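S.K.: There's a structure below that I have some questions on.
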Amino acid sequence: MEREQAEYRLRLQQEAHARLTRLGSVNELSAAVAHEINQPLSAAATYTRLLAEELGERDFSMKDARESAEKANAQVQRAAAVVRRLRDLIQTGRTERIEAEVSELLNAALEVVKPELQRAGVSIVSQVEGDLPTVTVDVLQVEQVLINLLRNAYEAIEDAGHSSGMITVGVRRSPDGDLEIVVGDTGPGFDAEQIDNPFAPFHTTKRGGLGIGLNLCRSIVEAHGGQIWLANGGQGAEVHFTIRNRSLPAP
């Protein structure tokens, strides 16, 4: 019995070490967590600025002000939840999975990035196939993957110097029955090095970027039994990832 428990503890330690190795050094891990926290906090700051502008208007709407305050608070709470879920994923590989509609996950992610896209004049086109099955996922983690990819697409358009652009999000059933999500943009696309080695820590071509987001996206996607890869589409870059269309056994 003691031997089995010791072997079990050793296996958990080895699995945790493998996850940490993928994310890199302690400095890289800290940067990764900071990267993920920054996203909901940036959204909260946007809603707070909007609230201040609304309160400064002579005929401001209390309903609009309350809505902005509630959205800002929701993003602060999201930041705390992101830290907790990332800690669980890195330390134990554990995820909190429930049945969810992919369209609902996409809508929640769009709510976070929508203020930035509207200010930049970037439009979103969603192409979601009908009659898609629900998926068993950690909702917050998969939403975070979508937020990362949407923001990467927006920044690619911005860094290309385009005054406006378009992001497309497609959700379809893959040939093996899993769900495939594709996030594309009208930016400059990926170069060959990015496609061949997209998950190297701190590898980025974005101005001021850390190259962290895709590595964390891969950890989350693979924890759900899926795959993630880069490609160039007809108009720019595309990032594809899959979600298994069946429940995974608990780690």
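S.K.: So for each of 49-56, 72-79, 109-116 I average, over its residues, the number of other beta carbons within 10 Å; can you give me the resulting order with the highest mean first?
M.R.: 109-116, 72-79, 49-56
S.K.: Please list 100-108, 153-161 highest first by mean number of surrounding beta-carbon atoms within 10 Å per residue.
M.R.: 153-161, 100-108
S.K.: Length gain on complete extension for the stretch residue 37 to residue 81, per 0.36 nm per residue less the alpha carbon to alpha carbon distance?
M.R.: 14.9 nm
S.K.: Could you sort the peptides 121-133, 183-195, 137-149 by per-residue average Cβ neighbour count (10 Å cutoff), highest mean leading?
M.R.: The peptides rank, most packed first, as 137-149, 183-195, 121-133.
Coordinate-derived values only; no laboratory data. The model shown is predicted, which means the values in this text are computed figures rather than measured ones. Cβ sites come from the backbone with ideal geometry, for glycine too, and all protein chains shown count toward neighbours.
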